[in-house]
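Report on the structure given below.
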Amino acid sequence: MTVVARDLRYPHDWPRRTPQEKGIDAALAVDFVMTVARSECEVAILFSSDTDLAPALEAVIALRPGHPTACEVAAWAAPGGRPRSLSVRAARIRRHLLTETDYRTVADPTDYTRAG
């Protein structure tokens, strides 16, 4: 596993507003597409409900036309709310909604900021 980190940007009124990590969504999208382009996986699973990542799904679908399982999406099921997951118009993408129980089953307690 390779950890990709991006510096936090602190707003001028910090700590009233929280710092934001910039560029990580773009890094995730590029890695998602490149992994498929280099044929490093059979199925790529994008774990996010961020609609800004939909173009990455579209790119993977375009890279593997006619391959119905080229990519899948996963997201956390909102407790008591309507489930949200990424989708792309005119494409059937398998969706996985995970619960808090699922999270506790696979949780990794490793502090990757200190690892390596």
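The values are calculated or read from the model by the stated rules, or taken from the named source; none is laboratory data. Nothing here was measured: the structure is a model prediction, and the numbers come from that model. Positions of Cβ are generated from backbone atoms using ideal geometry, with glycine treated the same way; all protein chains shown enter the neighbour counts.
Suppose we keep only residues that are part of a strand (DSSP E or B) and within 13 Å of residue 59 (Cα to Cα) within the range 32-46. Which one would you say is farthest from the chain's Cα centre (by Cα)? Reasoning before the result, please.
Step one: filter the range 32-46 for residues part of a strand (DSSP E or B), giving 44-46.
Adding the requirement that they be within 13 Å of residue 59 (Cα to Cα) leaves 44, 46.
Working: 44: 10, 46: 4 Å.
Among those residues, the one meeting the criterion is 44.
Of the residues examined, residue 36 is one that is surrounded by 14 or more Cβ atoms within 10 Å (Cβ to Cβ), under 27 Å from residue 102 (Cα atoms) and at pLDDT 80 or above.
Considering only residues in the range 57-71 that are in contact (Cβ under 8 Å) with a residue 24 or more places away in the chain and either assigned to a helix (DSSP H, G or I) or in contact with a Phe, Trp or Tyr (Cβ under 9 Å, 6 or more places away or on another chain) (or both), the one that is nearest to residue 96 (Cα to Cα) turns out to be 71. Beta carbons closer than 8 Å, at least 6 apart along the sequence or on distinct chains, pair a first residue in the range 23-48 that is over 14 Å from residue 70 (Cα atoms) and in contact (Cβ under 8 Å) with a residue 12 or more places away in the chain with a second that is assigned to a loop (DSSP other than H, G, I, E, B) and of a type in the set (Asp, Glu) for 25/50.
Select, from 91, 54, 74, the only residue that is part of a helix (DSSP H, G or I) and either surrounded by 12 or more Cβ atoms within 10 Å (Cβ to Cβ) or at pLDDT below 85 (or both).
On the way: 91 fails: part of a helix (DSSP H, G or I); 74 fails: part of a helix (DSSP H, G or I).
Checking each option against the conditions leaves just 54.
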